[in-house]
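Values in this text are rule-based calculations from the coordinates and carry no lab data. All values derive from a computational prediction rather than experimental measurement. Neighbour counts are summed over all protein chains in view; Cβ atoms, including those assigned to glycine, are modelled from backbone coordinates with ideal geometry.
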2 protein chains.
Amino acid sequence: MTHTRPLILVTNDDGVHAPGLHKLIEAARLHGDVIAVAPDLPQSGMSSAITVNSALFVKEHHGYSEGIRVYSVNGKPVDCVKLALRSITPRRPDLVLSGINHGSNAGNSVVYSGTMGAASEGCLARIPSIGFSLTDHSMTADFGPGLPFIDTIIRSVLASGLPDGICLNVNIPARCEPLGIKVVRAARGYWTEEYKEYTSPHGQPFYWLQGDFVNIDEGDSETDEYWLGRQYVTVVPYRPEHNEPRHVLQSLAEMLGV
Amino acid sequence: MTHTRPLILVTNDDGVHAPGLHKLIEAARLHGDVIAVAPDLPQSGMSSAITVNSALFVKEHHGYSEGIRVYSVNGKPVDCVKLALRSITPRRPDLVLSGINHGSNAGNSVVYSGTMGAASEGCLARIPSIGFSLTDHSMTADFGPGLPFIDTIIRSVLASGLPDGICLNVNIPARCEPLGIKVVRAARGYWTEEYKEYTSPHGQPFYWLQGDFVNIDEGDSETDEYWLGRQYVTVVPYRPEHNEPRHVLQSLAEMLGV
């Protein structure tokens, strides 16, 4: 049996009601039939977390136009991708898209990102997968200027596929017309001043995550942070099953005396 | 000011009451002063997830011997490491240890593992970090035969450090006397038959994660799964901030026409 239109699985980490998800569904619909399976609640910062100790329920959301089906799951982004592939999509999707995230996933944010957790899961299932993020946390962020670039990237990946084992982390600069696309590596860095301290009405201290990313590759024109700051869309290849080269294994073996 | 003994931060993903955590505290105590900061509840499968939208509380647990302090946090493994470094340890630890996990983190389990999420976080903070896992999920698992190997690895890493940007994923074969240590790469693979389906008393379908790892590197003697099956402790270097080589960026740029 042949299929005239690609099947595209769409998910996100901001939840089924986030505007960025619906922008991505619209963008995907130009290229194929769409099944969206997203968390029922916001799941930012969930990385590749999975639900191992509780039951997952799937709920269909109605009222979408032809060629679009939307579901929510009481789980995390990776749960949505796993459950979609196992029990919701009628066949193997041709593409997995995650986003559009409300907020940047450049630099080492990819480690914590639920958006990229979902894209990684599609990649581990050997399906071309892309995570899209806009560098604006607001729920009223303007996704418009980035859409032509998203369209170009979806079209290219549907036509050519991706190298085996690699998915894409795409970040879009907010509040500007992007000037183009740069394929680069992720800026390395760390987070500083990570927690704000409070005292409860009962005198108990508590902590809330905040923090600023310190880019240790500041000024390096081969990195995503550099080009996002210059109004470019950045594409970073990401390999969930990465391994170190043999010389690293050898030096560790020597250190351990084995 | 000099310190005569190393300071070792210990955490896990099975929670503050898991026997594996306390075995690792004992193992670490032979090499330095220990501060353990672990989740108050089990957090298996939490990967590098962080708590972004709620408050974190720290609770001290008393009754430990001198040189050991134990805390729990109502969060995930990475929250424990971040909060420990920011607000609990009196100085920067010399080593971060995570585990001993009740269950294997070989193959691509590292993607989902909270044990390795915590080790990655120590590594991102530029502290030598190691995750330890035993290939036995039972809460009554016997950690004894693996302890001499854990001791060797801790001693080597305290003495020599680790290559910049790399942490270690150590897996220990259960129910045997390990024959030695192999430094190898992670077996690649995927999970199959991932969900068991049920029907609730009200007729509603629900799903529960299960699944078997299919090792696509079966028989490859350079992988962790191969040597775990042959009674060896495996050490896999893991780089949380990995990037692809330049030729991959170039081929993607050509594909996107940029």
Listed with the fewest Cβ neighbours within 10 Å leading, B:Ile172, B:Ile68 appear as B:Ile68, B:Ile172
Residues meeting the amide H criterion for B:His61 (H placed from the backbone, H to H distance under 5 Å, 5 or more places apart or on another chain) are B:Val70, B:Tyr71, B:Ser72
What is chain B's relative contact order, in percent, from Cα pairs under 8 angstrom and six or more apart in sequence? 17 percent
Determine, from the Cβ-Cβ distance of A:Val52 and A:Arg175 and an R0 of 56 Å, the FRET efficiency 1/(1 + (r/R0)^6), rounded to the nearest 0.05. 0.90
Computed helical MRE - 222 nm, chain A, DSSP H runs ≥ 4 contributing -39500 (n - 2.57), nearest 500: -6500 deg cm²/dmol
For the range B:174-258 the mean separation of alpha carbon contacts under 8 Å (6+ apart) over residue count, i.e. relative contact order in percent, is 34 percent
Gap in Å between the Cα centre of the range A:44-85 and the Cα centre of the range B:192-245? 20 Å
Environment charge of B:Asp40, counting only residues whose C-beta is closer than 15 Å and scoring Lys/Arg +1, Asp/Glu -1: -2
Diagonalise the Cα gyration tensor of the protein assembly as shown and give the resulting equivalent ellipsoid semi-axes, square root of 5 times each eigenvalue, largest first, whole Å. 37, 25, 24
Using the Karplus equation 6.51 cos²θ - 1.76 cosθ + 1.60 (θ = phi - 60°), what ³J(HN,Hα) coupling, rounded to whole Hz, does each residue of the range A:233-246 give in order, writing x for Gly and Pro? 6, 10, 10, 10, x, 10, 10, x, 9, 8, 9, 7, x, 4
If you wrap the range A:151-218's Cα atoms in a convex hull and average its projection over all directions, what's the area in nm²? 8.5 nm²
Residue among B:Asp220, B:Asp13, B:Asp40 with the largest mean-square fluctuation in a Gaussian network model of chain B, springs linking Cα atoms under 10 Å: B:Asp220
GNM flexibility winner over chain A from A:Met116, A:Met46, A:Met139 (Cα, springs under 10 Å): A:Met139
So if I average 1/r over every pair of distinct C-alpha atoms in the range A:36-99 and take the inverse, what Kirkwood radius in Å does that give? 12.4 Å
Defining a contact as two alpha carbons under 8 Å apart and six or more residues distant in sequence, what relative contact order in percent does the range B:9-61 show? 43 percent
Which whole number gives the average, over all residues in A:203-210, of C-beta atoms from other chains lying within 10 Å of the residue C-beta? 6
Treat chain B as a sphere of radius equal to its Kirkwood radius over Cα pairs and apply Stokes-Einstein at 25 °C in a medium of 0.890 mPa s; give the translational diffusion coefficient in µm²/s, rounded to a whole number. 128 µm²/s
Candidate lysines for bridging to A:Lys59, where Cα separation is under 20 Å - those fewer than 8 sequence places away on the same chain excluded: A:Lys76, A:Lys82, B:Lys196
Which of rounded, prolate or oblate describes the range A:32-162 when judged by the alpha-carbon gyration tensor and an a/c cut-off of 1.5? rounded
Among B:Gly114, B:Gly146, B:Gly63, residue whose mean-square fluctuation peaks in a GNM of chain B (springs only between Cα atoms under 10 Å): B:Gly63
How do B:Lys23, A:Lys196 rank when sorted from fewest to most other Cβ atoms within 10 Å of their own Cβ? A:Lys196, B:Lys23
Listed with the fewest Cβ neighbours within 10 Å leading, A:Leu24, A:Leu158, B:Leu56, A:Leu83 appear as A:Leu158, B:Leu56, A:Leu83, A:Leu24
